[in-house]
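Structure first, then comments.
The values are calculated or read from the model by the stated rules, or taken from the named source; none is laboratory data. For clarity, every value in this text was computed on a predicted model and none was experimentally measured. Neighbour counts run over all protein chains shown; Cβ positions are idealised from the backbone, glycine included. All accessible areas refer to the heavy atoms of the entire protein, side chains included, with ligands and DNA or RNA removed. Shrake-Rupley method; radii C 1.70, N 1.55, O 1.52, S 1.80 Å.
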Amino acid sequence: MQRQRGSSSFIASPKPGDSELFFWQAAVRWGPSAPRLWACGGRRRGWGGAGRGGEGVEGPRSGPSFTGFPVGSCGATRLRMRLSHVLSEHRLLRLRPVCTMLRKSVLRLLGRTGASRLSLLEDFGPRYYTLGSLSARDDARDARAYFTTPIFYVNAAPHIGHLYSALLADALSRHRRLRGPSTAATRFSTGTDEHGLKIQQAAATAGLAPTELCDRVSKHFQQLFQEAGISCTDFIRTTEARHRVAVQHFWGVLKSRGLLYKGVYEGWYCASDECFLPEAKVTRQLGPLGDSFPVSLESGHPVSWTKEENYIFRLSQFREPLQRWLRGNPQAITPEPFHHVVLQWLDEELPDLSVSRRSSHLHWGIPVPGDDSQTIYVWLDALVNYLTVIGYPNAEFKSWWPATSHIIGKDILKFHAIYWPAFLLGAGMSPPQRIYVHSHWTVCGQKMSKSLGNVVDPRTCLNRYTVDGFRYFLLRQGVPNWDCDYYDEKVVKLLNSELADALGGLLNRCTAKRINPSETYPAFCTTCFPSEPGLVGPSVRAQAEDYALVSSVATLPKQVADHYDNFQIYKALEAVSSCVRQTNGFVQRHAPWKLNWESPVDAPWLGTVLHVALECLRVFGTLLQPVTPSLADKLLSRLGVSASERNLGELYFLPRFYGHPCPFEGRRLGPETGLLFPRLEPSRTWLVKAHRT
Ligand code: MSP
């Protein structure tokens, strides 16, 4: 059977009077080969039985349960399509035992209604409800979400890699805010990492007091993030008094739990990476004068030999707890290859970790409580920022922890996926819920660095390509699993083709006065575009490809949400872009400019073509908000969509097609007629040229 991958769901009502049975649900999923059918049931009050402890879709938070209940009691006559919840793949898998039990019964019910019914479910299920109901359910369970970026070192000005880290977190948190009801609270923090040897040395080199350097560079980050539309709710600086309190308290907890001891640490230290390295991770590099010096194998930064008495954290005790945490939470680190790498690291020995430095050597930091001769290790200091922001050590922090998603670059994975969870476990707290890892931007195939002189200034890019343009570029081209190479030509090509031509062109085609003289959202005609494909009749104008378009756009919000959950924002944008192309194809196919508003035969179809295209644009605009907020605002305003109609939860695509009223029909379009995204001219002064090998 040739079918697109997809899913639909429905509810069969319980027998009247069966008050305990709340609903049952089935999801039909079409894989590349045979169709698979899943079903699950739930009830309002806690039952014992087969599915206890499973997952409930509705009902009291205290204990909804799934169970195998008598499906046979739900007659086929009472089978009716209604809104439901399409479960994500992993949730379906968790429900497998219940599904298996119900599978036969559901197939029998569906079988009675015949294959056509199946295809009806597949093609015209009320999928436009799914995202809303999904998010409502998610939010009932996790009403709070806390996103964080790494805090940025202030030894140098920000570059596009830093902006990328912040943009990923920004898009995730904006998407989350759009998805949830207004009661779902979202917090998003970023900031600057201002202590440590690296900053102490950078200030000395610049001939500045450390505070002066910190103030200056921290301001750069704040300005950049403001210009780039980073919607953080908190900006933390580790030199703030509230942070010192949090770090010293956290230290005290580790100490009181017997996890810190004094010992002599001897080994390599890399000031640029602020980390200790075993001999095996150090190599020698030739200097310009032919002399050789030791560097970190991973980062290539110079290292120096250190021997001193420090406080040491019993990290070795946490190898097994960390393994258990990761094995029990396969989504803790996303994308999966990074999860795997961390488990591999944990297969090796995990030595105890020095967590302080002699103050005579490192004075720029937070002193160890009760021992001024030692300064707390900058990574322990920096990681605690995630707690400081949410009010630690006051109890309020507990409402945000561990509902946390850390967004980090691959170079700081070990600190976030091993040290940080170990510190937290040591302090009696849970590890963070998710760690999203991204790869790096290179320039002409090389790492960006001040010494190579190839650092790309993000503010120049924002000016040149516009804020929305550059945000779109970084998020559309940045693939978390692999490094991405930057050059200007790539930006111009992408933005011209996807934002200016495809999306902007589509909007223009459907709103231009010559095609849409009344400048309204025209009516949808159900006889021209009936909800069942294959109908023939004099007024039926929709073709098979048009149904495919409706199906693609109807499932787009769910697809996009899944990509966000998997930290594949570029895939979400790829999916939107593919639907934009499909919609352009739809408009091209029906050439509304050749239809005549005066003709009673053409007019309903002309209105329908424009209505469908505007509905698609409304979905694209809504879904693009987390990535290109101003452009999406311009687009939605032009369509006449009000601020309260832009949430993902209420994104009911093409309701008239599904037999519901459409609030937009007949509405006047917004007055702003300017270009959505003006084409960019190729620059004669590229910041970075493409390198061809
Ligand atoms: N201060 C530490 C983080 C402490 S978090 C408790 C740090 N700072 S950093 O300024 O060096 O890096 C901040 C973030 O920028 C990291 O996620 C890092 O991966 C990211 N990037 C730095 N260079 C990058 C690229 N070239 N490309 C993409 N992101 C990169 O580490």
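Once you put a point 7 Å from the Cα of Gln446 and another 7 Å from the Cα of Ser256, both along the Cβ direction, what distance in nm separates them?
5.3 nm
At 1.4 Å probe size, what's the solvent-accessible area of Glu298? Round to the nearest 10 Å².
140 Å²
Report Rg(Cα)/(2.2 N^0.38 Å) for the range 493-638, keeping two decimals.
So the Cα radius of gyration is 1.07 times the expected 2.2 N^0.38 Å.
Considering the Cα positions of the range 289-440, please state its Rg to one decimal place and its Dmax as a whole number of Å.
Here Rg and the maximum Cα pair distance are 16.9, 58 Å.
Give me the one-decimal nm value for the distance between modelled label points at Lys689 and Ala544, 7 Å along each residue's Cα-to-Cβ direction.
Reported label-point gap for Lys689 and Ala544 is 5.0 nm.
What length, rounded to one decimal in nm, is gained on full extension from Asp411 through to Glu489, with 0.36 nm per residue of separation minus their alpha-carbon distance?
25.3 nm
Could you calculate the contour length gain from Glu308 to Arg216, that is, 0.36 nm times the residue separation minus the distance between their Cα atoms, to one decimal place in nm?
Result for the pair: 29.9 nm of gain on full extension.
Over all alpha-carbon pairs in the range 299-344, figure out the percentage whose distance exceeds 15 Å.
63 percent
Along the charge dipole of the range 287-421, which of Tyr311, Val368, Val389 sits closest to the positive end, that is, farthest toward it, with unit charges on the beta carbon of Lys, Arg, Asp and Glu (+1, +1, -1, -1)?
Sorting the options by dipole projection puts first Val389.
Which order do the peptides 357-367, 186-196 come out in when sorted by mean C-beta neighbours inside 10 angstrom, highest first?
Those peptides, ordered most packed to least, come out 186-196, 357-367.
List the aspartates and glutamates whose Cα sits under 19 Å from the Cα of Lys255, skipping any in the same chain fewer than 8 residues away.
Glu309, Asp352, Asp371, Asp372, Asp381
Cα convex hull of the range 403-476: mean projected area in nm², to one decimal?
Projected area, direction-averaged: 6.9 nm².
Using just the Cα positions, wrap the range 211-265 in a convex hull and report its mean projected area in square nanometres, one decimal place.
Hull-based average projected area comes out at 6.2 nm².
Label Glu348 and Asp457 with points 7 Å out from Cα along Cα→Cβ: what is the distance between them in nm?
Calculated label separation equals 4.0 nm.
Counting only protein heavy atoms and using a 1.4 Å probe, what share of the accessible area of the range 576-693 belongs to carbon plus sulfur, as a whole percent? Spell out each step's value before the answer.
Numbers: 2810 of 5410 Å².
Answer for the range 576-693: carbon and sulfur cover 52 percent of the accessible area.
What fraction of the DSSP beta bridges in the range 177-298 is antiparallel, stated in percent and rounded to the nearest 5?
Details: 8 of 12 bridges.
So the antiparallel bridges in the range 177-298 amount to around 65 percent.
Assuming 0.36 nm per residue, please report the length gained on full extension of the stretch Ser599 to Glu532 beyond their Cα-Cα distance.
21.6 nm
If the limit is 29 Å between Cα atoms, which of Lys571/Lys634; Lys281/Lys307; Lys414/Lys571; Lys450/Lys571 go over it?
Lys450/Lys571
Based on the Cα coordinates of the range 603-693, what is the per residue volume of their convex hull in Å³?
188 Å³
List the aspartates and glutamates whose Cα sits under 16 Å from the Cα of Lys594, skipping any in the same chain fewer than 8 residues away.
Cα-Cα hits under 16 Å: Asp602.
To one decimal place, what orientation-averaged projected area in nm² is obtained for the convex hull of the Cα set of the range 531-578?
Numbers: hull surface 14.9 nm².
With every direction weighted equally, the projected area is 3.7 nm².
Can you send over the solvent-accessible area of Tyr487, 1.4 Å probe, protein chains only, in Å² to the nearest 10?
My reading of the accessible area for Tyr487 is about 50 Å².
How would you rank 622-635, 252-265, highest first, on the average number of other Cβ atoms within 10 Å across their residues?
622-635, 252-265
Of all the Cα-Cα pairs you can form in the range 579-631, what percent are over 17 Å apart?
Numbers: 605 of 1378 pairs.
The answer is 44 percent, as a whole percent.
Suppose all protein chains stay in the model; what accessible area per residue would a 1.4 Å probe give for the range 215-344, in Å²? Write out the running numbers ahead of the final one.
Working: 6740 Å² over 130 residues.
Here the residues of the range 215-344 average 52 Å² of exposed surface.
Which log10 I(q)/I(0) values does the range 141-248 give at q = 0.12 Å⁻¹ under the Debye formula, counting every alpha carbon as one identical point scatterer?
-0.46
Over 10 Å intervals from 0, what percent of Cα-Cα pairs in the range 157-219 sits in each interval?
18, 34, 25, 16, 7, 0
Need the C-alpha centroid separation for the range 576-622 versus the range 349-370, integer Å.
Between the Cα centre of the range 576-622 and that of the range 349-370, the gap is 65 Å.
Excluding same-chain residues fewer than 8 positions from Lys219, which aspartates and glutamates have a Cα within less than 15 Å of its Cα?
Within the straight-line limit of under 15 Å, Lys219 reaches these aspartates and glutamates: Asp193, Glu194, Glu227, Asp234, Glu240.
Compute the normalised compactness of the range 404-557: alpha-carbon radius of gyration over 2.2 N^0.38 Å, N being the residue count. Present the calculation step by step, with values, prior to reporting the outcome.
On the way: Rg = 24.2 Å, N = 154, 2.2 N^0.38 = 14.9 Å.
That ratio works out to 1.62.
Please work out the Cα center distance from the range 394-463 to the range 285-318, rounded to the nearest Å.
Comparing the Cα centres of the range 394-463 and the range 285-318, I get a distance of 22 Å.
Let's test the formula: R0 of 35 Å, r as the Cβ-Cβ distance of Glu266 and Asn481. What FRET efficiency results, to the nearest 0.05?
That pair, Glu266 with Asn481, gives E of 0.40.
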